[in-house]
Amino acid sequence: MSEEETRMSGRHRGAGTAADSATASNAAVRATRGGHLPTGTSARRRDRAAARSNGKGERTRETIVAAARTVFERVGYLDARVSDIVAEAGIAHGSFYTYFPSKREVFEEIVLEVGRQISAAVVAHRPEDVPSEYLANLGHSNRRYLEVYKRNARMMVLADQVATSDERLQEFRFQGRRRHVERVAETIRGLQESGRADPDIDAHTTAGLLVAMLANFAFWTSIAPDEYDDELSAHTATLIWARAIGLRDRPGTVSD
């Protein structure tokens with residue numbers, strides 16, 4: 001699934017009164033540029049867009065997303081109900097549908113946000129990264145990835161479970177992994193070109209193996225969180241990566 005965000009518009013219902021002037025004003029707001037009043041799906045789409053356009057609407061939407069995450073993490077995706085989410089959020093049942101057609105769309109919204117956090121964690125050139133300090137920067141990236149995965153472990157597990165029966169979510173997971181692998185592969189190629197990595201390894205295959213290793217380790221540590229020390233895990237993973245690609249601090253010098 002692509003990285004695009006699935007933004008479900010909110011639904012705004014006009015608070016019409018019996019007064020003709022209020023009705024006319026409300027109709028004028030709803031009218032299209034051609035002077036026609038939208039009906040059916042068109043009207044609902046415009047109403048939802050109106051609801052999302054104000055600050056209160058955005059805050060309500062954020063409340064729903066936060067409540068949904070709490071419910072999903074507590075009972076899982078399959079057992080979660082919209083009634084559970086609105087109870088957690090403290091809003092009316094109908095308010096949920098102003099922003100999301102079903103629990104599936106709000107679940108996707110949460111998974112998209114987790115994906116953005118992971119992408120931000122592994123991206124190069126963060127403030128703590130130093131140009132040319134390849135081993136240190138690799139350590140920073142691995143540490144950030146494991147930290148983000150740990151914070152979002154429950155949602156990561158649920159995303160994988162739901163993806164087995166949801167083609168859209170499955171594609172999103174595949175695309176996210178492909179991007180991660182390609183980022184690592186590009187880094188390996190750059191190091192090979194500069195004489196700082198083993199020129200005989202295939203960058204794409206090596207990247208796929210290393211990404212799978214770290215992701216699988218992160219998954220199992222989320223199930224047994226007290227089995228491994230966080231800092232030692234990040235350090236060890238970094239050493240394995242460095243040795244796997246033959247990382248050199250300088251051309252011709254293998255890193256310890």
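The values are calculated or read from the model by the stated rules, or taken from the named source; none is laboratory data. Worth saying up front: this structure is predicted, and the values here are computed from it rather than measured. Neighbour counts are summed over all protein chains in view; Cβ atoms, including those assigned to glycine, are modelled from backbone coordinates with ideal geometry.
Of T253, T221, all but one fail to be closer than 21 Å to N137 by Cα, at pLDDT below 90 and not aromatic (F, W, Y); the exception is T253.
As an exercise: evaluate R196 against (1) surrounded by 15 or more Cβ atoms within 10 Å (Cβ to Cβ); (2) under 19 Å from V148 (Cβ atoms); (3) of a type in the set (K, R) and give the number of the one condition it does not meet. So the condition that R196 fails would be (2).
Yes/no matrix, rows are residues, columns are (1) in contact with a strand residue (DSSP E or B) (Cβ under 6 Å, 6 or more places away or on another chain); (2) farther than 28 Å from L78 by Cβ:
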residue: R154; (1), (2): no, no
residue: H180; (1), (2): no, no
residue: L191; (1), (2): no, yes
residue: R196; (1), (2): yes, yes
residue: A203; (1), (2): no, yes
residue: W220; (1), (2): no, no
residue: I240; (1), (2): no, yes
